[in-house]
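Asker: Let me begin by handing over the structure; questions about it come next.
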2 protein chains.
Amino acid sequence: MIAKKMKHMVANSSAIRAMFEEGNRLAGIYGAENVFDFSLGNPNVPAPEAVKKAIFELLEGSDPVVLHGYTNSNSGYADVREAVATSLNDRFGTSFEGKNIVMTVGAAGGLNVILKSLINPGDEVIVFAPYFGEYRSYTSNYDGVLVEISPDTDTFQPKLNEFEQKITPKTKAVIVNTPNNPTGVVYSEETIQKMAAIMEAKQKEYGTEIYLISDEPYRELVYDGVEVPYLTKYYANTVVGYSYSKSLSLPGERIGYLVIPDEVADSEDLRSAANVATRILGFVNAPTLQQKVVAKCLNEKTDISYYDRNRETLYAGLRDCGFECIKPEGAFYLFVKSPVEDEKAFCEAGKKYNILMVPGSSFACPGYVRLAYCVSYETIVNALPKFKELAKEYF
Amino acid sequence: MIAKKMKHMVANSSAIRAMFEEGNRLAGIYGAENVFDFSLGNPNVPAPEAVKKAIFELLEGSDPVVLHGYTNSNSGYADVREAVATSLNDRFGTSFEGKNIVMTVGAAGGLNVILKSLINPGDEVIVFAPYFGEYRSYTSNYDGVLVEISPDTDTFQPKLNEFEQKITPKTKAVIVNTPNNPTGVVYSEETIQKMAAIMEAKQKEYGTEIYLISDEPYRELVYDGVEVPYLTKYYANTVVGYSYSKSLSLPGERIGYLVIPDEVADSEDLRSAANVATRILGFVNAPTLQQKVVAKCLNEKTDISYYDRNRETLYAGLRDCGFECIKPEGAFYLFVKSPVEDEKAFCEAGKKYNILMVPGSSFACPGYVRLAYCVSYETIVNALPKFKELAKEYF
């Protein structure tokens, strides 16, 4: 008797649960330290000490009625929104005000809020494979139609020719995710400029507005001094979705924000719609204590060097084994070419060595597997001999 | 360019914002202490001291990677779900297990999760006027059709004859809210038994399943020793939505749960669907720190005597003025009969005395106004002479 739309999703999610249970089963047999679970994007670097300090200060120094109360606006505390805007302006030379910020229940909450605000049934939402599989569900929540651009497996930058061809008068939004899950690739400034030019030309051609939604939970997780372009500066109709899940290691606390700049078409209406959507989707407001916490920790960042060491070690180790992989510049994922076409068979083979990986099909990019290296360094060091054994089956 | 469905909602929400801004405007002119804002259901009794203590203990004694991390299941921490189930069993003689509990982003999040899990486009959801206006939006989110039962203004118990007539083969869910917002009425055990019998008979007649959704944010806020029946014991297809917003004064923190008992039709599928819905609606999981906090505060409760004094004082004072009102047994609202048919005109008249009230039309019950008495005692004491002046315009 559950909703028809949910039936398929429940079946799919059973597959993910099955993998999770497989991990638990293996841990039960071999011990957790002998299971190499690269399947989950759950950061294992602790939140900065400043987060704890901020919570203590807030509890000692605030009126609990205000600290834990509904915010006057569903978009969040006015002072928090101001602080976020100012911090963005300082870092990126933008000119946002508090009104341009909507505090959200993580980036996932933010994406749902903006899609609810924008999408009419049948509107098209373009995504670039490989992409975070949840975009499909989020788009479906509002009866939008997901349009995939096939992957460029040489660079994992967006295929711009295909992008240009697939924009139609029904294209309402384009979602980009850079640094990217699952590849770790950062879209270059040149890519962004070309994308912006394509969208501007298409907007003119069709007389439509095409909103670029930049999903940025990994913005702060970059290596080798790479710059991640701030997209509102390249394309007027840009909305940014951000999360503190990775930058402050607070994924369970569900705290992030949307930026809806003045330059966006119908900005005021869109901000009002986002405010209402936050309420009626049942978020009501982003968790209040965590709103105040992040406002106190705007200059804090999780320990990137930890992930960087994992990245270098795992990347070098896998290359040594003979695996092919683009070196990630950001996030905490490696997207490895499966040595056989059917990457699900490769994932199955990995399980013999207690190695858990996610098939690229989950990201609309079969033939590859995703390894999340937000694990302990020991897990990586101990997994590498197992990868070597696994590699011997193929090379 | 915002979504068509949102346009009407944005317009409506401007009216609420207008009232909020009116309150600020009046406070600016007359001083906040001279504005009698009874429009908001934001508790002003602080969270119990145990909440603060729990947060300190958790921050000192937990691994932050776990405390702030994603939960393994989107339905929440296994130990928290077990603790909630045990606490319910102890209090209500039920026999829930952890698997029957889904931790949610407040009751609003929980209602969206269960409606997403259940409703196909065109399915009917029955509500009893007066009802919390958000039920309309939540139902619309999933393209359900809201079916209203007209109010019984003598008792504000559900009109059962009309209920029976309006159940159709398309009826998928019935939402009840007891203690009730906006009336403060608690549905009697007799009412619940009759409702259950009607739904059971209709299920048989149509060969359908009709889910009773009990929205219970006010369960703990009852006076004069009144008992609130636990609905799963009266009707098998009952799902409970709970929130700690009022019982622990944590409305901004967004923490609550759903109970999906084994007795519910397709219980396992529905629990899986709720787990998936929690993820794909963008909640991902209920805020993790607050999950752990409420598990440590299951026997704590906000200071009800504070609300009770407000209730007695405001109720007696308004009756003295000549206003008609049913005495509430729960929640923190009085639902007062407007002395003129057009209650919006009455609300306007109240503003002359800096009294802010919500028109009953917002709850599908025109001719009445809602006063939220979760304000300071002083506000009530100081407002009563103003109500006396207001009353003189009518009586």
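Only the coordinates and a few stated rules stand behind these numbers; no lab work does. Nothing here was measured: the structure is a model prediction, and the numbers come from that model. Methodologically, a virtual Cβ is constructed for each residue, glycine included, from the backbone with ideal geometry; neighbour enumeration extends over all protein chains shown.
Asker: Taking K and R as +1 and D and E as -1, what net charge do the other residues with C-beta under 12 Å from the C-beta of A:Leu67 add up to?
Answerer: -2
Asker: To make sure I understand the rule: partners must be lysines, Cα under 23 Å from the Cα of A:Lys233, and not fewer than 8 residues away in the same chain. Which ones qualify?
Answerer: A:Lys99, A:Lys159, A:Lys172, A:Lys194, A:Lys202, A:Lys204
Asker: Using just the C-alpha positions of chain A as equal point scatterers, what log10 of I(q)/I(0) does the Debye formula give at each q in 0.12 1/Å?
Answerer: So the normalised log intensities are -0.99.
Asker: I need A:Val45, B:Val10 ordered by Cβ neighbour count within 10 Å, fewest first.
Answerer: Details: A:Val45 19, B:Val10 22.
Arranged by neighbour count, lowest to highest, A:Val45, B:Val10 become A:Val45, B:Val10.
Asker: At most 16 other Cβ atoms within 10 Å and a DSSP loop assignment: could you name the GluC sites (Glu not before Pro) in the stretch B:208-280 that fit? Don't jump to the answer; show the numbers that get you there.
Answerer: Values: sites: B:Glu209, B:Glu220, B:Glu227, B:Glu253, B:Glu263, B:Glu268; in loops: B:Glu209, B:Glu220, B:Glu227, B:Glu263.
Here the GluC sites (Glu not before Pro) that fit, given the DSSP loop and packing criteria, are B:Glu227, B:Glu263.
Asker: Cα atoms only: what Rg and Dmax, in Å, come out for the stretch A:253-392?
Answerer: Cα only, the stretch A:253-392: 20.6, 59 Å (Rg, Dmax).
Asker: Further question on the same structure: Of A:Ser137, A:Val113, B:Ser62, which is farthest towards the positive pole of the protein assembly as shown's charge dipole, taken about the Cα centre with +1 and -1 on the beta-carbons of Lys, Arg and Asp, Glu respectively?
Answerer: A:Ser137
Asker: Next question, about the same structure. Taking the inverse of the average 1/r across all pairs of different Cα atoms in the stretch B:1-75, what Kirkwood radius in Å do you get?
Answerer: 17.3 Å
Asker: Given the options B:Pro151, B:Pro261, B:Pro385, state which has the largest fluctuation in a GNM of chain B using a 10 Å cut-off (strictly under) for Cα springs.
Answerer: For chain B, modelled as a Gaussian network with Cα springs under 10 Å, the answer is B:Pro385.
Asker: Rule-of-thumb check for the stretch B:293-354: C-alpha Rg over 2.2 N^0.38 Å?
Answerer: Its radius of gyration relative to the 2.2 N^0.38 Å reference: 1.52.
Asker: For peptide A:37-47, compute the average count of partner chain beta-carbon atoms within 10 Å of each residue's beta-carbon. Walk me through the numbers on the way to the answer.
Answerer: Numbers: counts 0, 0, 0, 3, 1, 6, 4, 4, 2, 7, 5.
Across the residues of A:37-47, the mean count of other-chain Cβ atoms within 10 Å is 3.
Asker: Stick to the Cα atoms of the protein assembly as shown, pair each with every other, and give me the Kirkwood hydrodynamic radius in Å at one decimal.
Answerer: 27.5 Å
Asker: Also: On alpha-carbon atoms, Rg over Rh for the stretch B:52-103 using Kirkwood Rh?
Answerer: 1.06
Asker: Using alpha carbon centroids, what distance separates the stretch A:136-200 and the stretch B:267-343, in Å?
Answerer: So the separation of the two Cα centres works out to 44 Å.
Asker: What number comes out for the charge environment of A:Thr86, summing +1 per Lys or Arg and -1 per Asp or Glu over other residues with Cβ under 11 Å away?
Answerer: -2
Asker: If I build a Gaussian network model for chain A, linking alpha-carbon pairs within less than 10 angstrom, which residue out of A:Tyr353, A:Tyr211, A:Tyr230 has the largest mean-square fluctuation?
Answerer: Comparing A:Tyr353, A:Tyr211, A:Tyr230 in a Gaussian network model of chain A, the most mobile one is A:Tyr353.
Asker: Could you work out the helix-only [θ] at 222 nm for the protein assembly as shown, with each DSSP H run of four or more residues adding -39,500 (n - 2.57) and the total divided by the number of residues, to the nearest 500 deg cm²/dmol?
Answerer: -14000 deg cm²/dmol
Asker: Oh, and also: Determine, for A:Arg254, B:Arg370, B:Arg319, the number of other Cβ atoms within 10 Å of each Cβ, and report the residues in order from fewest to most.
Answerer: B:Arg319, B:Arg370, A:Arg254
Asker: For the stretch B:181-323, what is the largest minus smallest coordinate of the Cα atoms on each principal axis, given in angstrom and ordered from greatest to least?
Answerer: Ordered largest first, the stretch B:181-323 gives principal extents of 52, 43, 25 Å.
Asker: To the nearest whole number, what is the average tally of beta carbon atoms from other chains within 10 Å of the beta carbons of peptide B:244-254?
Answerer: 6
Asker: Dividing the Cα convex hull volume of the stretch A:124-177 by residue count, how many Å³ per residue is that?
Answerer: In the stretch A:124-177, the Cα hull volume divided by residue count equals 65 Å³.
Asker: When all C-alpha to C-alpha distances in the stretch B:348-395 are sorted into bins of 10 Å, what percent of pairs does each bin hold, rounded to whole numbers?
Answerer: The calculated distribution, bin by bin, is 24, 53, 23, 0.
Asker: If you don't mind, another one. Going by average Cβ density within 10 Å per residue, which order do the peptides A:196-206, A:166-176 take, highest to lowest?
Answerer: Most protected by this proxy first, the peptides run A:166-176, A:196-206.
Asker: How would A:Ser247, B:Ser362, B:Ser376 line up from fewest to most surrounding beta-carbon atoms within 10 angstrom?
Answerer: In order of increasing Cβ crowding within 10 Å: B:Ser376, B:Ser362, A:Ser247.
Asker: Then there's this: Counting partner chain Cβ atoms within 10 Å of every residue's Cβ in A:267-280, what's the average?
Answerer: Neighbouring Cβ atoms belonging to other protein chains average 5 per residue here.
Asker: Considering chain B as a Gaussian network with a 10 Å cut-off on Cα pairs, which listed residue, B:Glu33, B:Glu148, B:Glu343, attains the greatest mean-square fluctuation?
Answerer: Evaluated over chain B, the most mobile residue of the options is B:Glu33.
Asker: Could I ask something else about it? Quick check for me: using +1 on Lys/Arg Cβ and -1 on Asp/Glu Cβ, what's the dipole size of the stretch B:49-296 about its Cα centre, in debye to the nearest 20?
Answerer: 480 debye
Asker: Taking the Cα centre of the protein assembly as shown as origin, sum charge times position over the Cβ atoms of Lys and Arg (+1) and Asp and Glu (-1), and report the length of that vector in debye to the nearest 20.
Answerer: Charge dipole, the protein assembly as shown, about its Cα centre: 460 debye, nearest 20.
Asker: Kindly count the pairs of lysines across the stretch A:325-395 whose alpha carbons are less than 20 Å apart, treating pairs on different chains or eight or more residues apart as eligible.
Answerer: Number of lysine pairs found: 17.
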